[in-house]
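Inspection log for the structure reproduced underneath, given as structure tokens.
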Amino acid sequence: MNPESQTLPLRDIHLPEAVSGWPPAMGWWLLLALLLLLPVVVWTVRKFMARQQLRQQALAELNKIETRFQQHQNSQQLVSDISILLRRICISRFPCHDVAGLHGEAWIDFLNSQTNSFDAEKSQALINGPYQKQCHIHSLPLINASRDWIKQLQPGTQP
């Protein structure tokens, strides 16, 4: 048999198509998602750290106020210092237009709306104490209520 006379019906070799760049492999999608989420995570962590730093600074300031009170035993100065500290915390934590103008019962209502730490006696001390010559209040419960208020304070709308 002549090999030339018998040809097999074979087709030519077909090469596979070139590898396409689209759609990307799963690893590229994960990398893209990570790159998109990274700024959000960094922003959230920084905001959390700023809140924690504010809380730690406020507690340290309250400890200084307590130490000064133990030295001078002036209840009026204690109430005034605590009232100023609470107002500074609120102004740095919440929009200024919401808290800067509050006074009297509205101020106490705002404080208690955040955390219900101030009962009637402590509330009256915070309202009237800074403006009286002498203020008669149990200092330790006021200090502890202020400390609890700072620790339980929920995040505001500002960092």
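Only lysines eight or more places from Lys122 in sequence, or on another chain, were considered; those with a Cα closer than 28 Å are Lys64, Lys133, Lys151.
Averaging the sequence gap over all C-alpha pairs within less than 8 Å and six or more residues apart, then dividing by the number of residues, gives the chain a relative contact order of 27 percent.
Screening the chain for DSSP H helices whose Cα atoms reach 30 Å or more along their own axis and whose mean Kyte hydropathy is at least -1.0 gives 26-72.
GNM remark for the chain: springs join alpha carbons under 10 Å apart, and the peak mean-square fluctuation among Ala145, Ala18, Ala33 falls on Ala18.
Just Trp22, Trp149, Trp107 to compare: in a GNM of the chain, with alpha carbon springs under 10 Å, which one fluctuates most? Result: Trp22 has the largest fluctuation of those listed.
Site pair Leu37 and Arg68 shows an inter-label distance of 4.7 nm when each label is modelled 7 Å from Cα along Cα→Cβ.
Every number here is computed from the coordinates shown, using simple stated rules; none is lab data. In this text the structure is predicted, and so the values were computed from the model without any measurement. Here the Cβ is made from the backbone with ideal geometry for all residues, glycine too, and neighbour counts use every protein chain on show.
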